[in-house]
1. Roughly how big is region 49-129's charge dipole about its Cα centre, with Cβ charges of +1 (Lys, Arg) and -1 (Asp, Glu), in debye to the nearest 20?
2. Taking the number of other C-beta atoms within 10 Å as the exposure measure, put PHE164, PHE128 in order starting with the fewest.
3. Rounded to whole Hz and in sequence order, give me ³J(HN,Hα) for region 228-241 from the Karplus expression 6.51 cos²θ - 1.76 cosθ + 1.60, θ = phi - 60°, writing x for Gly and Pro.
4. Quick query: amide H of PHE82 versus all other amide H atoms, modeled in the peptide plane; which residues come in under 5 Å with a sequence gap of 5 or more or a different chain?
5. Report the percentage of all Cα-Cα pairs in the chain whose separation exceeds 34 Å, rounded to a whole percent.
6. Give, in whole angstrom and from largest to smallest, the semi-axes √(5λ) of the equivalent ellipsoid of region 49-129, with λ running over the eigenvalues of the Cα gyration tensor.
7. For region 95-102, what does the Karplus curve 6.51 cos²θ - 1.76 cosθ + 1.60, with θ = phi - 60°, yield as ³J(HN,Hα) per residue in whole Hz, taken in order and with x for Gly and Pro?
Amino acid sequence: MLRLISDNTNINFIKLKKVAFSFSSIFLLLSLLSVLFIGLNFGIDFKGGILIEVRTSDNIGISEIRDNVSNLNIGEVSIQEFGVETDYLIRVERQKGGDNAQQEAVNLIKSSLSSAFMDKIDYRRLEFVGPTVSRDLVSDGVMAIVCAIIAMLAYIWFRFELPFALGAIIALVHDIVLTMGVFAVLGLEFNLATIAAILLIIGYSMNDTVVVYDRIRENLRKFKRMPLTELLNKSINQTLSRTINTTVTTILALGALYFIGGQIIEDFAFAMLWGIVVGTYSSIFIASTILTFLNIRRSPVKDSN
């Protein structure tokens, strides 16, 4: 069996907790500031508007399409390459008025492009998202994340005890905030697929955390006289090989999805890749080491005399 990490590792993770907490605190602060001041690049799912995907012939560039569409007086228009060099996404802000206004904007764009480029434009996708739907999607997405966190809190509390639940939730919030921060900094599109990725990250991170917590609980019963810091180190090291092997194999699968899966799922795959790395880090350095600050109940040691 291939093992990337020896079963006999003896890394002093507890000694590194101050460095890890400082590192995480800095990046949490930067992530929050990025979300507040840079903001998330909400996709059409959350902002509402019109999305048109077109494929062009080889001799039409993005600048030509932008020059043609930007003078139509239909509000904010953004154009970006999508997948291969001849594919483009045209995003248009929602027009004032009802469905007829949106359709008129689409007809205007199609008419302008067709007159300029004749039969060199192929329309591959058209999407409309209204303001009511987008508001509902935002609230439903936030509610899904909150419900997932509450469910995990209840599960860990029931399976272990409150200090373990608090440690797990702190780690989950850590992962979510850092994921949102990197999306804000890189300007990646934040849409329903990203919400799905965050929910998957919550599940993956919690799975890693539960594996370590199980070993900690087992060792608490087995080594009743062992100092807590030594016991936590022992537990993390005992599960480290399993954690790293699982993380690496997952990254290999997601890496293939990111590099050859196409641009339509590129941001989703990136969110998952980032979340897996951050989730593994938090299950080791946050969820486990933070137990040193919490009141873990230990079974009393019976006097052999």
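1. On the way: 9 positive and 14 negative charges, 44 e Å.
In total the dipole reaches around 220 debye.
2. Working: PHE164 23, PHE128 16.
In order of increasing Cβ crowding within 10 Å: PHE128, PHE164.
3. 4, 4, 5, 5, 5, 4, 4, 5, 5, 5, 5, 9, 5, 4
4. Placed amide hydrogens put ASP87, TYR88, LEU89 under 5 Å from PHE82.
5. Details: 17431 of 46360 pairs.
Tail of the P(r) past 34 Å holds 38 percent of the pairs.
6. Gyration-tensor ellipsoid for region 49-129: 20, 13, 11 Å.
7. In residue order, the calculated couplings are 7, 5, x, x, 5, 4, 5, 5 Hz.
Readers should treat all values here as calculations from the given coordinates under stated rules, not as data from a laboratory. Being a predicted model, the structure only gives us computed values, none of them experimental. Counting neighbours? That spans all protein chains shown, and the Cβs are built from the backbone with ideal geometry, glycine included.
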